[in-house]
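K.L.:
My questions all concern the structure below.
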Amino acid sequence: MNLKKQRMLHDAAWDGRLDILLSLVVDPDVDVAGQHLCTLMHAAHRGHPRAVELLLPLSDATAHRSEALLRAASRGHQRCVRLLVPVSGTSGWCPHEWDALSPAARRLIETHQRQSG
């Protein structure tokens, strides 16, 4: 694994730079699912749905108790939530994590869970 390229991957996800992501996800020196799945979490945290869509097949959306979904929901990134709900889970979330979400974010997750289920 090339640490410089790995950092570039994380930065590209944070910034929503699909051009860079597309070149790095196919690079054999880059581990998309590595380093605690930061890449998917960064894209979800910052609300980049196209980046989330690109990274989902290469990542485990349930990692760290579906933190990517939690980050997207807590920041109101509806399009990212829609992408993440069907492949994530909320059963491992603690009450304080649910309490940290706005009522609108909780409704958004619950609505999408019903539609996915």
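The values are calculated or read from the model by the stated rules, or taken from the named source; none is laboratory data. Just so we're clear, the structure is a prediction, and the values are computed from it rather than from any experiment. A quick note on method: Cβ atoms are made from the backbone with ideal geometry, for glycine too, and the neighbour counts reach across all protein chains shown. Note: accessible area is taken over every heavy atom of the protein model, side chains too, but ligands, DNA and RNA are not part of it. Shrake-Rupley method; radii C 1.70, N 1.55, O 1.52, S 1.80 Å.
K.L.:
In region 52-73, which residues are at negative phi and in contact with an Asp or Glu (Cβ under 9 Å, 6 or more places away or on another chain)?
P.N.:
If the condition is that a residue be at negative phi and in contact with an Asp or Glu (Cβ under 9 Å, 6 or more places away or on another chain), then Leu70 is the only one that fits.
K.L.:
State which residue pairs qualify: first residue within 19 Å of Gly92 (Cβ to Cβ) and inside region 48-64, second residue assigned to a loop (DSSP other than H, G, I, E, B) in any location, beta carbons under 7 Å apart, and separation of 6 or more residues or different chains.
P.N.:
As it stands, the answer is Ser59/Val32; Ser59/Ala33; Asp60/Ala33; Ala61/Ser88; Thr62/Ser88; Thr62/Gly89, since those pairs meet every condition given.
K.L.:
Here's something else I'd like to know. Within the group Leu22, Leu40, Leu54, Leu9, which residue is of a type outside the set (Ser, Thr, Tyr), open to solvent by 80 Å² or more (accessible area, probe 1.4 Å) and out of contact with any Pro (no Cβ under 7 Å at 6 or more places or on another chain)?
P.N.:
Leu22
K.L.:
I'd like to check something: does region 90-106 contain any residue that is in a helix (DSSP H, G or I), of a type in the set (Lys, Arg) and either touching a Pro at 6+ places or on another chain (Cβ under 9 Å) or under 25 Å from Met1 (Cα atoms) (or both)?
P.N.:
Looking for residues that are in a helix (DSSP H, G or I), of a type in the set (Lys, Arg) and either touching a Pro at 6+ places or on another chain (Cβ under 9 Å) or under 25 Å from Met1 (Cα atoms) (or both), one finds none in region 90-106, hence no.
K.L.:
Does Ala105 satisfy being open to solvent by less than 20 Å² (accessible area, probe 1.4 Å), at pLDDT below 90 and either farther than 23 Å from Gly16 by Cβ or touching a helix residue (DSSP H, G or I) at 6+ places or on another chain (Cβ under 7 Å) (or both)?
P.N.:
Considered against the rule, which asks whether it is open to solvent by less than 20 Å² (accessible area, probe 1.4 Å), at pLDDT below 90 and either farther than 23 Å from Gly16 by Cβ or touching a helix residue (DSSP H, G or I) at 6+ places or on another chain (Cβ under 7 Å) (or both), Ala105 comes out as yes.
K.L.:
So, one more: Val30 passes all but one of (1) open to solvent by 40 Å² or more (accessible area, probe 1.4 Å); (2) over 23 Å from Ala105 (Cβ atoms); which number fails?
P.N.:
That leaves (1) as the condition not met.
K.L.:
Does region 70-82 contain any residue that is touching a Ser or Thr at 6+ places or on another chain (Cβ under 6 Å) and either under 27 Å from Asp19 (Cα atoms) or free of Cβ contacts under 8 Å to residues at least 60 places away in the same chain (or both)?
P.N.:
No, every residue in region 70-82 fails to be touching a Ser or Thr at 6+ places or on another chain (Cβ under 6 Å) and either under 27 Å from Asp19 (Cα atoms) or free of Cβ contacts under 8 Å to residues at least 60 places away in the same chain (or both).
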